[in-house]
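Derivation of every value follows stated rules applied to the coordinates shown; laboratory data play no part. No experiment lies behind these values; they were computed from the predicted model shown. A quick note on method: Cβ atoms are made from the backbone with ideal geometry, for glycine too, and the neighbour counts reach across all protein chains shown.
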């Protein structure tokens, strides 16, 4: 009887956080409350930190409360998007991907239709659209459900990695780590962004290497290095961390010698072949012809050799987007002006450690929160310094050398990942290692109480994280390739259209469109039903982006509203936003292919197909 109760309690502890997460997203949370979690504030940081500290101090059997708290804040951030109709240069109506996110979403859809990725962002980083295609496949190509799963995965990774720090160093370091990680990804929650996958895989890699540091096992070391390479490939980042980790592996497996060349060689081979599989091979199998991995790196490098002028200076100066030409121009400029790159590197280090949107510390140091933000930034910088000093004094400990090696690798990468080009998001996949270093300044490790678990406990506890790692790897590569190669082109008839209209054929899937409607005409306030009033009020791009202005105008001129569907036109496999007057929207069209004729409306960044007539097929 006691065992039965224990099993029921254990099952409930595992399920409850996810049920809470789902309830928040299924039901409409008032915007006045969820908006609190939509952006950074110093007060929210401190409150979340306090609640984390209280829950992390609870006995191990109640740690599901901490997990629930972490999923709660992630869900609240996502809920705000879905209830407010928020729009900016990443998302439309709180749900639909825009610009970069649209490229990755398009790539995932192409994979599921047996087509190759388009040239550009999705080919530069094929791992993310490949991974997201697996989630879309699992949900029946339901964008809304897929985004929820992606966000939940980040929450799981955040909790499990914070739990590792809690076991080793205590509740306060774990709380600080989890708070930093949440506010780092907060901006990307609800967006088809590579940063979310990078952080998730980075957390898993951190757990594997952090545990293996105290109990060196080749399987876990290899798996950790593989997961980290997949993470950095999904969200291009601090690649110089890998040479330092290779040195670290040679150090921890040194035995009676000073260094194991054999161990370092094995680590090098594993990292090299994982890179080839996750980038070159995957791109060759599903990417656009002539595409290149990390093609945007050429743009950043050009801006750096010119003194930190930013990635767009390559386009402005050279008038081309050809990465090979930009690389050559960057090399020639560096040869003639080497000190220009040094100057840009110094600027990058400055920007990296300064607070704000471009730096690694998100604290606001202007406006109403200036004083609080400045204090939090100074404290965080002090903890980082203290953590480095403490760990350096005990560099012979494997955990200490792991974090110091990771930090040096991140530092060496900064000149090549300038914050001026994208803030701190370049470092998403390695942030668990960086924030752990900050947390080390508060922990009772490594001096007073290093908690080394037994071999039996280690093997038992590693089973879960190994299984999670393998599942994530399957979702990232084998499953997308299977889905890509087994798909067969769908047969359809191309409609005949009058002059000035274009034929289209698209598949409409549930949760993958939004309806912008008047409150008095239809139910709204939770995606896909977005209230026109919210869409108008919460649009950051209003008056800035003609695409958003055009959608707003179409919705405003319609009696009831409009439906917006981002999809590929199966006639020519080009991606558009299809807009239909709500008066003409028929119920029960989900998971059906619709065809018809549309008027094309061009804007600066996107094309709109305004649907004039529709035919449906089963």
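Could you list 124, 377 in order of exposure, starting from the residue whose Cβ has the fewest other Cβ atoms within 10 Å?
Result, fewest neighbours first: 377, 124.
Counting only C-alpha contacts under 8 Å and six or more residues apart, can you give the relative contact order of the chain as a whole percent?
17 percent.
Would you mind checking the tilt of helix 323-336 against the longest principal axis of the Cα atoms of the chain, expressed as 0 to 90 degrees and rounded to 10?
Result, in degrees: 50.
Is the range 1-86 rounded, prolate or oblate when judged by the Cα gyration tensor, a ≥ b ≥ c being the square roots of its eigenvalues, rounded requiring a/c under 1.5 and prolate requiring a/b larger than b/c? Don't skip to the end; give the middle numbers.
Values: a/c = 4.57, a/b = 1.62, b/c = 2.82.
Oblate is the answer for the range 1-86, as a/c is 1.5 or above yet b/c matches or exceeds a/b.
If you fit an axis through the alpha-carbon atoms of helix 218-234 and take the longest principal axis of the Cα set of the chain, what angle between them do you get, 0 to 90°, nearest 10?
That works out to roughly 40 degrees.
Would you order 393, 325 from fewest to most other beta-carbon atoms within 10 Å of each residue's own beta-carbon?
Neighbour counts put them in this order, fewest first: 393, 325.
Where a ≥ b ≥ c are the square roots of the eigenvalues of the C-alpha gyration tensor, would you call the range 518-566 rounded, which needs a/c under 1.5, or, failing that, prolate if a/b is larger than b/c, or oblate?
Cα axes put the range 518-566 in the prolate bin.
Quickly rank 94-103, 533-542 as a protection proxy: mean count of other C-beta atoms within 10 Å, highest first.
Working: 94-103: 22.2, 533-542: 18.0.
In decreasing order of mean packing, 94-103, 533-542 become 94-103, 533-542.
Estimate the FRET efficiency between residue 58 and residue 353 by the formula 1/(1 + (r/R0)^6), using the beta-carbon distance for r and 41 Å for R0, to the nearest 0.05.
Numbers: r = 34 Å, r/R0 = 0.84.
That gives a FRET efficiency of 0.75.
Need one word for the range 287-393: rounded, prolate or oblate. Basis is the Cα gyration tensor (sqrt eigenvalues a ≥ b ≥ c); a/c below 1.5 gives rounded, then a/b vs b/c decides.
Judged from the Cα gyration tensor, the range 287-393 comes out prolate (a/c at least 1.5, a/b above b/c).
Seen from all sides and averaged, what is the projected area of the convex hull of the Cα atoms in the chain, in nm²?
30.4
Give the percent of DSSP beta bridges with both residues in the chain that are antiparallel, rounded to the nearest 5. Display every interim value, and only then the final one.
Details: 32 of 40 bridges.
Bridges in the chain that DSSP calls antiparallel: roughly 80 percent.
Using alpha carbon centroids, what distance separates the range 189-220 and the range 1-59, in Å?
Between the Cα centres of the range 189-220 and the range 1-59 lies a distance of 22 Å.
If I histogram all Cα-Cα distances within the range 216-326 using bins 10 Å wide from 0, what percent of pairs lands in each bin?
13, 33, 27, 19, 7, 1
Rounded to the nearest 0.05, what FRET efficiency is calculated for residue 393 and residue 536 with R0 set to 45 Å and r the Cβ-Cβ distance? Let's see the in-between values first.
Details: r = 58 Å, r/R0 = 1.28.
Using R0 = 45 Å, I get an efficiency of 0.20.
Take the Cα gyration tensor of the range 355-438, multiply each eigenvalue by 5, square-root it, and list the three semi-axes largest first, rounded to whole angstrom.
25, 17, 8
Compute the long axis of helix 127-138 from its Cα atoms, compare it with the longest principal axis of the Cα atoms of the chain, and write down the angle in degrees, 0 to 90, nearest 10.
So the helix axis and the longest Cα principal axis differ by about 60 degrees.
With all distinct Cα pairs included, what does the Kirkwood hydrodynamic radius of the range 502-617 come out to in Å, to one decimal, could you say?
Mean inverse Cα-Cα distance, inverted, gives 14.3 Å.
Could the peptides 19-28, 192-201 be put in order, highest first, of the mean number of other beta-carbon atoms found within 10 Å of their residues? List each step's numbers first, then the result.
Values: 19-28: 15.5, 192-201: 28.9.
Result, highest mean first: 192-201, 19-28.
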